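Q: The structure follows.
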Amino acid sequence: AGGGVRLVASSSITVSEPVIATGAGAITLEATGGATGDINVNNTVTSVSGAIALRADDDVLFAPGGDLTSGSGNVEVTADADPAQDGLVGMADGAVVNAGSGTITVSADLGIAVGQLITTNSGATAVSVTTATGDITDAGDTGGADVQAPGTATLTATAGAIGPGDALETTVGT
């Protein structure tokens with residue numbers, strides 16, 4: 001067994017110190033404050049082998065050292081969890097989401113800036129990045145390819161573009 005972490009706030013959440021779950025403990029951070037419901041990841045969020053879920057009513061923003069890491073748990077990052085808001089996911093250059101052997105799902109209404117998304121998952125849903133009205137952009141080139149997975153990576157910009165101005169670098173199976 002492992003100790004998990006669950007935080008639900010009716011305002012913004014700022015991760016300024018490391019958040020760590022032991023064993024298979026899951027980490028869930030939910031900012032339910034409507035237009036003020038942002039999650040700012042300025043430090044590491046780590047689960048040894050549990051899932052990590054960040055759900056914000058508005059934006060999810062990552063500083064360069066704001067990394068999410070799980071040895072084998074699925075990682076989910078959702079901006080715009082409140083349909084009345086327009087949220088985005090903004091990863092700074094150098095920010096990393098590493099799901100180990102788990103899957104990665106990133107979704108937002110407005111757009112997604114990708115730092116690095118890494119998994120060793122070889123499945124058909126290894127990485128899924130979806131934005132309804134914005135673009136999927138490259139936040140920078142620190143650390144290598146933006147999306148790394150031996151399995152399938154699906155990037156969907158329903159009403160936007162993928163990699164406008166600076167193409168996303170990928171190392172994926174399909």
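The values are calculated or read from the model by the stated rules, or taken from the named source; none is laboratory data. None of the values given here were measured: they were computed from a predicted structure. In this analysis, Cβ positions are derived from the backbone assuming ideal geometry, glycine residues included, and neighbour counts consider all displayed protein chains. Please note that ligands, DNA and RNA were not included when accessible areas were found on the heavy atoms of the full protein model with its side chains. Shrake-Rupley method; radii C 1.70, N 1.55, O 1.52, S 1.80 Å.
Q: Where in the stretch 51-71 does the amide nitrogen come within less than 16 Å of the point 7 Å from the Cα of Thr14, taken along Cα to Cβ?
A: So the set is 59-66.
Q: Accessible area per residue, 1.4 Å probe, Å², for the chain: what's the number?
A: I get 39 Å² per residue for this part.
Q: Then there is this: Using Cα pairs under 8 angstrom and six or more residues apart, how large is the relative contact order of the stretch 71-174, in percent?
A: Once normalised by length, the contact order is 24 percent.
Q: Most mobile of Ala24, Ala81, Ala108 per a Gaussian network model of the chain (Cα springs, under 10 Å)?
A: So, out of Ala24, Ala81, Ala108, the one fluctuating most is Ala24.
Q: Take Ser49, Ser10 and sort them by solvent-accessible surface of the protein heavy atoms, 1.4 Å probe, largest at the top.
A: Descending accessible area places them as Ser10, Ser49.
Q: In Å, what is the Rg of the alpha-carbon atoms in the chain, and how long is Dmax?
A: Rg and Dmax of the chain, Cα atoms, are 14.6, 46 Å.
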